[in-house]
Amino acid sequence: MRLGIDWGGTKIEIIALSQDGKELFRQRVDTPRDDYQGCLEAVKFLVDAAEAATGQTGTLGLGIPGSLSPKSGLVKNANSTWMNGKPLDKDLEGVLGRPVRIQNDANCLAVSEATDGAGAGAHVVHAIIIGTGSGSGIAIDAKAHLGANGIGGEWGAITVPWLTAEEFPGPDSWIGHKGVIDRWCSGTGFQLDYKERTGTLLKGHEIMALKREGDPVAGEIYKAYVSRLARSLAMSANLLDPDVFVLGGGMSNIEELYTDLPPALAPYIFSDTFDTPIRKAVHGDSSGVRGAAWLWN
């Protein structure tokens, strides 16, 4: 049995999978915010509950909104800031009495979809989160690609390429750089663009409803979003040339993207052809927790 934990800012969720990927157990609890020790205890509670319910013990993988530094072994870049600077893997191994494998949540998405999702059977999968934030993970032969410095796939920290004169230099971001993918290609960025134009903050699906009704401002905001996301994917295509792109997060549910993105990428691809499919994550919101379980694949 494989156990996977998705440690998010608002909830911590566990899944138990059989060796063939069948779901055996699932449970979630609220994240004890700003309470590192409380989070460790929540993980232990969930592991104990899963193993009691199934009568089995399992390997444990963990997806977090950050990553472990290969230099210090401590958590870095987590938006659940109370885990930053902590030896999370060692602390969990002490609490649980077993080894733990940890990856960031985007890598877990990539591993999940490369194992038995939209990228199953593909050699290189570039999985993109377009939700509250925008980041990505890379799976090669269904294993997460970290890189020499543990920053493989940190796509969201890069400035959107081929900026127009009107876009330059772009809005500020939480990492201190302007016009980055995380700010412009996330669902949050989509909403903020609409607010800047209209003074009204709407949810993404509300903006899309207006666009489908022919609202010109919503249509322009959507067109700009597609262009920025397409340019960002084209950069990855030119550098990584993955076998498939997989989109996850709330914005991935906009069906128009799968029709509108391929032609928007074409002018920026350094090739006379571009056939790489862009697919929606098969497992949706479950990809992160399933990918954590598959870290022991």
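Within region 248-269, can one find any residue that is assigned to a strand (DSSP E or B) and either assigned by TED's automatic domain parsing to the domain that holds Arg28 or aromatic (Phe, Trp, Tyr) (or both)? No.
Here the condition is being of a type in the set (Lys, Arg) and within 20 Å of Ser67 (Cα to Cα); of Lys203, Lys143, Lys211, Lys195, it holds for Lys143 alone. Within region 266-285, being closer than 13 Å to Ala110 by Cα and among the small types (Gly, Ala, Ser) holds for Ala281, Gly284.
Report yes if Val125 is in the same structural domain as Gly58 (by TED's automatic domain parsing), buried (at least 24 other Cβ atoms within 10 Å of the Cβ) and aliphatic (A, V, I, L, M), otherwise no. It is false that Val125 is in the same structural domain as Gly58 (by TED's automatic domain parsing), buried (at least 24 other Cβ atoms within 10 Å of the Cβ) and aliphatic (A, V, I, L, M). A single member of Ser80, Ser72 is without any contact (Cβ under 8 Å) to a residue 24 or more places away in the chain and not β-branched (Val, Ile, Thr), and it is Ser72. Could you please give the count of residues in region 98-117 that are in a loop (DSSP other than H, G, I, E, B) and in contact (Cβ under 8 Å) with a residue 60 or more places away in the chain? Number of matching residues: 1.
Restricting region 200-247 to residues that are of a type in the set (Gly, Ala, Ser) and under 19 Å from Trp162 (Cβ atoms), the residue that is surrounded by the most Cβ atoms within 10 Å (Cβ to Cβ) is Ser232. Quick check: is even one residue across region 274-282 surrounded by 19 or more Cβ atoms within 10 Å (Cβ to Cβ), in contact (Cβ under 8 Å) with a residue 40 or more places away in the chain and assigned to a loop (DSSP other than H, G, I, E, B)? Yes, some residue in region 274-282 is surrounded by 19 or more Cβ atoms within 10 Å (Cβ to Cβ), in contact (Cβ under 8 Å) with a residue 40 or more places away in the chain and assigned to a loop (DSSP other than H, G, I, E, B). Going through (1) in a helix (DSSP H, G or I); (2) without any contact (Cβ under 8 Å) to a residue 12 or more places away in the chain one by one, Gly214 falls short only on (1). In this structure, Val95 does not satisfy being outside any strand (DSSP E or B) and crowded, with 24+ Cβ neighbours inside 10 Å. Taking strands (runs of 3 or more DSSP E) as the structural unit, those lying wholly within region 1-69 and holding at least 2 residues that are under 15 Å from Ile102 (Cα atoms) and either in the same structural domain as Asn84 (by TED's automatic domain parsing) or at pLDDT 95 or above (or both) correspond to 2-7, 11-17, 59-64.
Among the residues of region 172-199, the ones that are in a loop (DSSP other than H, G, I, E, B) and either of a type outside the set (Gly, Ala, Ser) or crowded, with 16+ Cβ neighbours inside 10 Å (or both) come to 7 in all. In contact with a Cys (Cβ under 9 Å, 6 or more places away or on another chain) and touching a residue at least 40 places away in the same chain (Cβ under 8 Å) - does that describe any residue in region 160-178? Yes - at least one qualifying residue is present in region 160-178.
Given the condition within 30 Å of Val124 (Cα to Cα), touching a helix residue (DSSP H, G or I) at 6+ places or on another chain (Cβ under 6 Å), free of Cβ contacts under 8 Å to residues at least 40 places away in the same chain and among the small types (Gly, Ala, Ser), answer yes or no: does some residue in region 229-247 qualify? Within region 229-247, one or more residues are within 30 Å of Val124 (Cα to Cα), touching a helix residue (DSSP H, G or I) at 6+ places or on another chain (Cβ under 6 Å), free of Cβ contacts under 8 Å to residues at least 40 places away in the same chain and among the small types (Gly, Ala, Ser).
When Ser134 is tested against the conditions (1) surrounded by fewer than 16 Cβ atoms within 10 Å (Cβ to Cβ); (2) more than 29 Å from Asp20 (Cα to Cα); (3) at pLDDT below 95, the lone failure is (1). Taken across region 104-113, residues that are touching a strand residue (DSSP E or B) at 6+ places or on another chain (Cβ under 9 Å), farther than 18 Å from Asp182 by Cβ and surrounded by fewer than 22 Cβ atoms within 10 Å (Cβ to Cβ) do not occur at all. Take the conditions (1) within 26 Å of Ile158 (Cβ to Cβ); (2) of a type outside the set (Val, Ile, Thr); (3) in the same structural domain as Val47 (by TED's automatic domain parsing); Arg290 misses just one of them, which is (1).
The values are calculated or read from the model by the stated rules, or taken from the named source; none is laboratory data. Because the structure is predicted, anything quoted here is derived from the model rather than measured. When we count neighbours, we look across all protein chains shown, and the Cβ atoms used for this are built from the backbone with ideal geometry, even at glycine.
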